[in-house]
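The values are calculated or read from the model by the stated rules, or taken from the named source; none is laboratory data. No experiment lies behind these values; they were computed from the predicted model shown. Don't worry about glycine lacking a Cβ; one is built from the backbone with ideal geometry, like all the others, and counts go over all protein chains shown.
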Amino acid sequence: MLSDTLIHMGFRPTRSDTSLFIRNTSTSTILLLIYVDDIIITSSSQAEMNSLILTLHTKFSLKDLDPLHHFLGIEVSHTSDGGLFLSQK
């Protein structure tokens, strides 16, 4: 089960949303959100995020859809400084 694997990898579900998992280390923070069969991952470290994706790919069948553009009716735009702008019509 994905949640068991994430917990074993040091993630913890948040109290406010059990589908949102967080892992804090001395060098980074990774947030992973699960919705049905979609996963959104973001991190303060690109290298640690890539490592997580590779690890998950060895355990589960994953399909990388590249940068996030839409999720649950929310439009996601990437800013020039590396941030995200969320909007909903």
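I need a count of the residues in the stretch 47-89 that are of a type in the set (G, A, S) and in contact with a strand residue (DSSP E or B) (Cβ under 8 Å, 6 or more places away or on another chain). It would help to see each step written out before you state the result.
Of all residues in the stretch 47-89, those of a type in the set (G, A, S) come to 47, 51, 61, 73, 77, 80, 82-83, 87.
Still in the running and in contact with a strand residue (DSSP E or B) (Cβ under 8 Å, 6 or more places away or on another chain): 77, 87.
The qualifying residues number 2.
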**Asked** Which residue pairs have Cβ atoms under 7 Å apart, sit 6 or more places apart or on different chains, and have a first residue in the stretch 1-29 that is within 18 Å of T58 (Cα to Cα) and a second that is exposed (fewer than 13 other Cβ atoms within 10 Å of the Cβ) and modelled with pLDDT under 95?
**Response** L2/F60; T5/K59
**All positions within the stretch 30-52 that are assigned to a helix (DSSP H, G or I) and either surrounded by 13 or more Cβ atoms within 10 Å (Cβ to Cβ) or in contact with a Phe, Trp or Tyr (Cβ under 6 Å, 6 or more places away or on another chain) (or both)** = E48, M49, S51, L52
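Within the stretch 59-78, take every residue that is among the acidic types (D, E) and closer than 18 Å to S43 by Cβ and give me the one that is surrounded by the fewest Cβ atoms within 10 Å (Cβ to Cβ).
To start, the set of residues in the stretch 59-78 that are among the acidic types (D, E) comprises 64, 66, 75.
With closer than 18 Å to S43 by Cβ added as a condition, the list becomes 64, 66.
Values: D64: 9, D66: 5.
This residue is D66.
Search the stretch 63-82 for residues being in a loop (DSSP other than H, G, I, E, B) and within 13 Å of the chain's Cα centre (by Cα), and hand back the single one that is nearest to L6 (Cα to Cα). First the steps, then the outcome.
Taking the stretch 63-82 as the starting set, the residues that turn out to be in a loop (DSSP other than H, G, I, E, B) are 63-69, 72-73, 79-82.
Cutting the leftovers down to within 13 Å of the chain's Cα centre (by Cα) gives us 64-68.
Numbers: D64: 18, L65: 21, D66: 21, P67: 22, L68: 21 Å.
Residue satisfying both the conditions and the ranking: D64.
Given the residues T5, T55, T27, T18, which is the only one that is of a type outside the set (K, R), loosely packed, with under 10 Cβ neighbours inside 10 Å and either at pLDDT 90 or above or not in a helix (DSSP H, G or I) (or both)?
On the way: T5 fails: loosely packed, with under 10 Cβ neighbours inside 10 Å; T55 fails: loosely packed, with under 10 Cβ neighbours inside 10 Å; T18 fails: loosely packed, with under 10 Cβ neighbours inside 10 Å.
Matching residue, one of T5, T55, T27, T18: T27.
Please determine, by comparing only the residues of the stretch 17-45 that are small (G, A, S) and within 20 Å of G82 (Cα to Cα), which one is nearest to the chain's Cα centre (by Cα). Even if it seems obvious, please write down each step before you answer.
Within the stretch 17-45, the first condition is being small (G, A, S), and the residues that meet it are 19, 26, 28, 43-45.
Filter once more, so that each one left must be within 20 Å of G82 (Cα to Cα): 28, 43-45.
On the way: S28: 13, S43: 7, S44: 11, S45: 12 Å.
Result: S43.
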**Prompt:** Can you find even one residue in the stretch 46-62 that is under 14 Å from the mean Cα position of the chain (by Cα) and of a type in the set (G, A, S)?
**Reply:** yes
